[in-house]
Structure formats: structure tokens, C-alpha cells
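Undergrad: Input: one structure, supplied below.
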Amino acid sequence: MDGEKMSVQTALWPVDEPSDPELDAVAEQILAADPDGGRFAGAIRRSIDMLLDGQHTGRFRWDQLYKTEKAHLGTLVEINVQREFVFADGASMDYSIADADVDCKYSQTLGAWMIPPEALGHLLLVVWASDEESSWSVGLVRALPERLNSRGNRDAKKTLNAAGRAAVRWLFRGARLQENMLLRLSEADIKAIFSHKSGQRRVDDLFLRAQGRQISRTVVATVAMQEDYMKRVRYNGGSRSRLQPRGIVILGHYSSHGRIAEALGLPVPGAGESVSARLAAARPHHTGAPRVELDGQEWVLARPDDPEEAVPKLPEI
């Protein structure tokens, strides 16, 4: 998942649940196709990002969406999961997995999946994700009458009762979703970044204020709000060259950059990610500080009281 190592708990089977060979077969096929959850995580991340459409809207928070847009996330998750795994269409449900009809249900609230009457008796692929918590879960459960609450909504859709929620066989629970880094910045930083009229200046300010954090392409696109948003990061006029005189380096998904990040104790950028940091030429008071050699000189992570100084151009190999 874009270079991130995910923390997942997989194949959590409920105790004392009756045997369900069809569910077992579906679980086995999914886990064989996605043993570490990276493909599910990518499909969920893409769904959220498509809905926010930050490149064209500048939005990055759930509360910035219209009510009608929020209702559409389940459909996007269903579509992107099917595209990712190339599941065939089901006979009466969303997917056919291991020759079983499976309905995909997404909820922003864990356990609150809305189950229509036509799904009764069928297998459900239940999905939950929280951009705020950078977390997601996926499980399987059969929609049996005794597992549903007696009352439904006006469309006769019902939710799982306590027994139904306990019967979910979690394939991945509490797995890490690629972080939407803008949600971790202070309101003051967000206000400052988006106060600039120029997309390039917004990107510059992003890398100044979010040092030491993994910044995804989607975050850059949201801040730049331009078609050529990654150009705003590069040398030759982008943030790499514009911030170079101030000692700011922007590490990307290059082998040499990964080694620099590891040497300095910074997060290693994954595919499509960037990590910025201010460096200072190593001096006696930096004793013991991790360092890297650039153009024959040793550099360390700058302390707040270190003066700004131009840093060498980084190799892009």
C-alpha cells in the first residue's frame, strides 16, 4: 500500500459459530488474493479520495461533503473492490466469489450495515473505514433472520443485532489505512496553507509545515488543485528547488532518498509519497545526531535554533 507496512489482524473466526462451508470458501479465496490486506486498503483509500475529489475541490474532510455525496461512498467501495479483485457479477447479489453470491455492504459506523430483504440468507462482505482513524475492517457474515434486528427502516432494511455482529468473521480488523495527512495538521496550519492564491505557494507551505510526515500524491493534489500537481514538488521550479535555499529537502520514492531517510530516522517514502525535512551542516553541537553525507559534507536534521542554509541538490536515483 504505497510503501506502508500495515498492521492487520486476519482471519478472526467467531467461537462456536455453526459451520458454513460456502463462507469458508469465500474467505479462503479473498485471503489467497490479498493475504496482507494491501489490495483492500488501496481500494478503500481510492474510494474515499474519489469522493473527496481534492484535486478539483480542495476538500479533505468527511464533514466537507454534501449529504448526498456521503451516501455514495458505499457504491464507490463496492465498485472499486470489484475492479481490484475482478469479481464476477453475482446472480442476485453484487459479486460471485468462489461460486457464491456475495453482497457488499459499507458503513461509516462499524456494525451499522443496512441489509435489504433480498439479501436475507446470503453472504455479506461487510466493510468499514474511518479516514479520521486511518483504519479499516472487512469481514463476512451470513444474513440470517435471527441475526437481524426486528425493526427496519422505511425501505425494510435492517441492521445486524448483537448476535449478528458477533457472528462476523473478520478477514481484516483494525488494519491501517494510508493516512490522510491533512487531517493531522492543526487548523492554524491548514488555514495558512490554503490562504495562498498560488498552488505552488500552497505546496511550498505544505512541505514547510508538514516536515517528517509522509505526504501522498493525493494530499499534494488537494493542496495544489492543479492538473500538473506533481510538477509542483520537483526541482526545476517546484518545491524541491524553491525550498532548497532554506535547507529543506523533499525525499521521494528513490532508493537514494530512502537511504537518506533511514539514516536520519525519517519515515521512508513509499510509491507516490514525499517526506520533507530541514537539514543543517553538522557542527560540534550536533554530537551524536544521525547524519548523512551530501556533496562531501555531513548534514543532520536541523534544530530549531540552527540557521537556515542552502542544502545540496539530492540525487534522483
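The values are calculated or read from the model by the stated rules, or taken from the named source; none is laboratory data. Please read these numbers as outputs of a predicted model, since none were measured by experiment. For neighbour counting, all protein chains shown are included, and Cβ atoms are generated from backbone atoms with ideal geometry for every residue, glycine included. Each accessible area value is taken on the protein alone, full model and side chains, heavy atoms only, with ligands, DNA and RNA left out. Shrake-Rupley method; radii C 1.70, N 1.55, O 1.52, S 1.80 Å.
Undergrad: Determine ³J(HN,Hα), in whole Hz, for all residues of region 191-200 in sequence, where each value follows from phi through the Karplus function 6.51 cos²θ - 1.76 cosθ + 1.60 and θ = phi - 60°; x replaces Gly and Pro.
TA: Karplus values, whole Hz, x for Gly and Pro: 4, 5, 4, 7, 6, 7, 6, 7, x, 5.
Undergrad: Can you compute 3J(HN,Hα) from phi for each residue in region 276-292, using the Karplus curve 6.51 cos²θ - 1.76 cosθ + 1.60 with θ = phi - 60°, rounded to whole Hz and x for Gly and Pro?
TA: 9, 7, 9, 10, 9, 4, 4, 10, x, 6, 8, 3, x, 6, x, 9, 10
Undergrad: Next question, about the same structure. Any idea of the accessible area per residue across region 148-193, 1.4 Å probe, to the nearest Å²?
TA: Per-residue value: 52 Å².
Undergrad: Calculate the length of the line joining the C-alpha centroid of region 28-89 to that of region 157-189, in whole Å.
TA: That distance is 13 Å.
Undergrad: Can you compute the FRET efficiency between LEU144 and ALA112 using 1/(1 + (r/R0)^6), with r the Cβ-Cβ distance and R0 = 25 Å? Round to the nearest 0.05.
TA: 0.90
Undergrad: If we sort 304-314, 196-206, 236-246 on the protection proxy, mean other Cβ atoms within 10 Å, highest first, what's the order?
TA: Output ranking for 304-314, 196-206, 236-246: 196-206, 236-246, 304-314.
Undergrad: Further question: In sequence order, what are the phi-derived ³J(HN,Hα) couplings for region 157-163 according to the Karplus relation 6.51 cos²θ - 1.76 cosθ + 1.60 with θ = phi - 60°, rounded to whole Hz, with x for glycine and proline?
TA: Going residue by residue, I get 7, 10, 9, 5, 7, 4, 5 Hz, with x marking Gly and Pro.
Undergrad: Protein chains only, probe 1.4 Å: how do TYR254, TYR66, TYR235 rank by accessible area, largest first?
TA: I get TYR66, TYR254, TYR235, largest accessible area first.
Undergrad: What's the FRET efficiency of ALA32 with ASP53 using the Cβ-Cβ distance as r and R₀ = 41 Å, to the nearest 0.05?
TA: The value I calculate is 0.75.
Undergrad: If I take every Cα pair under 8 Å that is 6 or more residues apart in the chain, average their sequence separation and divide by the length, what percent do I get for the relative contact order?
TA: For the chain, the relative contact order is 16 percent.
Undergrad: To continue, here is another question. How much accessible surface area, in Å² rounded to 10, belongs to the heavy atoms of LYS105 with a 1.4 Å probe?
TA: Number for this one is 30 Å².
Undergrad: In addition: Quick one: accessible surface of ASP101, probe radius 1.4 Å, all protein chains present, in square angstrom to the nearest 10.
TA: We get 30 Å² for ASP101.
Undergrad: Now for a separate question. On the protein heavy atoms, probe 1.4 angstrom, tell me the percent of accessible surface of the chain carried by carbon and sulfur.
TA: Whole-percent figure for carbon plus sulfur exposure: 48.
Undergrad: Report the number of Lys pairs in the chain whose alpha-carbons are under 22 Å apart, with separation of 8 or more residues or on distinct chains.
TA: 10
Undergrad: Using Stokes-Einstein with the Kirkwood hydrodynamic radius over Cα pairs, what translational diffusion coefficient do you get for region 55-213 at 37 °C and a viscosity of 0.692 mPa s, in µm²/s rounded to a whole number?
TA: 182
Undergrad: Quantify how much of the Cα-Cα distance distribution of region 164-225 extends past 16 Å, in percent.
TA: 51
Undergrad: What residues qualify as long-range amide H neighbours of LEU124, i.e. H under 5 Å apart, gap of 5 or more or another chain, H built at 1.01 Å from N?
TA: Residues meeting the criterion, in which the H sits 1.01 Å from N, are ASP103, VAL141, ARG142, ALA143.
Undergrad: Sorted from largest down, what three extents in whole angstroms do the Cα atoms of the chain have along their principal axes?
TA: For the chain, the Cα spread along each principal axis is 71, 39, 31 Å.
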